[in-house]
1. Could you work out [θ]222 nm for the chain from helices alone, using -39500 (n - 2.57) per DSSP H run of at least four and dividing by all its residues? Round to the nearest 500 deg cm²/dmol.
2. Could you work out what % of the accessible surface of the range 396-544 is carbon and sulfur, using a 1.4 angstrom probe and leaving DNA, RNA and ligands out of the count?
3. Lysines within cross-link reach of LYS667: Cα-Cα under 16 Å, excluding same-chain residues under 8 positions apart?
4. For LEU646, enumerate residues with amide H under 5 Å from its amide H, sequence gap 5+ or separate chain, H modeled in the peptide plane.
5. What is the pair-distance distribution P(r) of the range 147-273, computed from all Cα-Cα distances in 5 Å bins starting at 0, with each bin given as a whole percent?
6. Please report, to one decimal in angstroms, the Kirkwood hydrodynamic radius of the range 428-520 built from all distinct Cα-Cα pairs.
7. Carbon and sulfur atoms: what percent of the 1.4 Å accessible area of the range 1-145 do they account for?
8. Please report the carbon-and-sulfur percent of the accessible area for the range 617-667; probe 1.4 Å, protein heavy atoms only, DNA, RNA and ligands left out.
Amino acid sequence: MNTANSSEARAACLRREITRHDQLYYVEARPEIGDADYDRLYRELEKLEREHPELATSDSPTQRVGGAPLAVFASVAHNPPMMSLDKTHSPEELRDFDRFLKNKLTLAQIAYVVEPKIDGVAFSLRYENGRLVRAATRGNGDVGDDITQNVRTIRSIPLQIDTTAAVVELRGEVFLPKERFLRLTQQQEAAGDTPFMNPRNAAAGSLKLLDPRAVARRPLDAVLYAVGALEGLAFATHQALLDQLAAWGCRTPRYTLCDGLDTVLAAIRTLEQQRHDFPFEMDGAVIKVNDRALYEPAGTTAHGPRWARAFKYEPERAETVIRAITVQVGRTGVLTPVAELEPVRLAGSIIARATLHNADEIARKDIRIGDHVWLVKAGDVIPAIESVIPEQRSGAEQSFTLPATCPACGGPASRTGAEVATRCTNFLCPAQRVARLEHWAGRDALDIAGVGGVLAELLVEHGLVQDPLDLYSVTPAALTSLVVRQSATGKDVLLGAKNAGKILQALERARTLPLDRWLFAIGIPNIGVTVAAQIASCHGALTDLRDSPLLQAVRPKGRGESTTTPPSCPVKPEAARAVLEFFASEQGSLLLQRMEALNIRPAGNAGSAAVAPAGPLTGQTLVITGTLQLPRSEMEARIRTAGGKLGDSVSKATTYLVVGADPGGSKYRRAQELGTPILSEAALEALLSPPPSFL
Ligand code: IVH
């Protein structure tokens, strides 16, 4: 076997192995190897693919995050449409459903499958000849958004399935695991950002990020439970379909096969008892006829198929007492009132605290210390006080007002303008410093594991860190000798060289993290993960943000200012203003100076050159070969003005190769090897000046 052949065979073997371990880890939760061994396999494959780019096939596990950020999502038509489900709320309604079907189909008994109803974001996956080629959101059921690049980052979704069928369309639900959602909202609250309402909003928001790298950091997951278009394949029963999906390595719902309605009702009750054990939010059960031959005769209603029903569960509530109301200080100085509760069991966990959000919320619900209250879980996850129970009042309850001074530093706290939040106005407040440091070191920011909670407090308390960048000046000796109280044992121990070393290593790694991570880490109000990614997708460097024409174009206009500045960045005006104001402030310019001095220059996706304007070629990289009719420099300038980038050689990152007269052989050959689309000069012209729209 020659070397090319053996590399190919080795790459194929590594791809198979890594895919198998992904499946074991992400779907079956029973890994066979540790992280280090997995990383070794992954790095070997990456190296092979670097040396032999032709081996980097689209179904390679290294290609899950391959694409450049998008400017917009393309539309995808669903055929057949993605329908919804009619809902039932009582066993009687389900009996009616069963009676109606038996009547219509003239059957004495119908077998059903009962599954959990996942409260996520419905989506579809299209496999052609076994390869994942497209993923789309449900949208309005007829047309959705093309989210292929983002869905490829979800490790539990196979990039390839073992089938010879020409077309297999799978349908299911993308979700953000509950435990991960809680962490995300805690970070958002601490940062003074508006947290996602529930895991479904968080999943939907994550799927609509334009930069797949940002999506890859949100550990989304997916369950598949249905099929759409099928060519060259059929399933006799729903059970056979679910079993085949599982055999292809997809995550499928736990299901119960029921011989009739009584067993269906029992299965629904069992599922309700298990509802908190699932990693996703579950808001009911779905009942489906098992025999797929009955689907067509059963027919459909305006809502959805007559062969399936959703059964919605009641949300759970618990009664408890507010023992006290405490006040937390966030990164931006926001004072958040928190109810300290008589611990109570609700929706699978013991709850002892619930945020009361702000003074308006307390007034609106007339919440007092000592009140009996109904506790619910917003979106099954975040404990919230639904209402007080006035009949239980003894008269001894005390009303609560937010303090006029910060409980952490004694500085003045106030409410400004239309804001609902009360803030500590002392920027030097130690509680704010700790919260800023925690945010900066958080997983979605610079991911300095270890610098959370206790350690962040210690670093600020000892005066080692006032501003997060001070971490770069803390000596290894100072870090090593910090005394930390172990939460498990309550014992005081030294942080030690090993832990200090890990933190220093993470700090070094953070230097090379991209612009969106740094921008988010800075913690400018209104700049969450999504907005940071959007801003980074159209800027080259942090210093470009100071007087970015793209942000100025979306900033809300003052009176008399021009309003005609078309190219802009896809963010809301408040976000653009917050960024511009921050970098124009003394604090902002100091930050830029310090980062420059520390030699930290995070790069955005617009490349390090001047800010790329948005246009028909935004996010695309073109390479030119041969002689064009227009002078080369003129054509290059037009491509840049249209938002495009120019490359010197053809690689996987190249969107088009533009071919003029007498083209060079190597670029052309390489484009053919990689399947890069080729454009003539005339075709390029057409892209640069699209025909007028007749709308
Ligand atoms: S089957 C044509 N199964 O619930 C029937 N849907 O409220 C296709 N959903 O639009 C849907 N879990 O997004 C099905 N196990 C499950 C489901 C499920 C959640 C969603 C789905 C649907 C919505 C209807």
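1. Values: 23 runs with 234 residues, N = 695.
Using -39500 (n - 2.57) per qualifying helix, the result is -10000 deg cm²/dmol.
2. Working: 3740 of 6810 Å².
Of all accessible area on the range 396-544, carbon and sulfur atoms account for 55 percent.
3. Of all the lysines, those that pass the test against LYS667 - Cα under 16 Å, at least 8 places apart if same chain - are LYS652.
4. Here the answer is LEU622, since their amide H atoms fall under 5 Å of that of LEU646.
5. Answer for the range 147-273: a P(r) of 2, 9, 15, 17, 16, 14, 12, 8, 4, 2, 0 percent.
6. Numbers: mean 1/r = 0.0744 Å⁻¹.
Roughly 13.4 Å, rounded to one decimal.
7. Working: 3860 of 7830 Å².
Carbon and sulfur: 49 percent of the exposed surface of the range 1-145.
8. Numbers: 1200 of 2510 Å².
The C+S portion of the solvent-accessible surface of the range 617-667 is 48 percent.
The values are calculated or read from the model by the stated rules, or taken from the named source; none is laboratory data. Note that the coordinates shown come from a computational prediction; the quantities given were computed from them, not determined experimentally. Glycine gets a Cβ as well: all are built from the backbone with ideal geometry, and neighbour counts include every protein chain shown. Accessible surface is based on the protein model in full, side chains and every heavy atom, while ligands, DNA and RNA are left aside. Shrake-Rupley method; radii C 1.70, N 1.55, O 1.52, S 1.80 Å.
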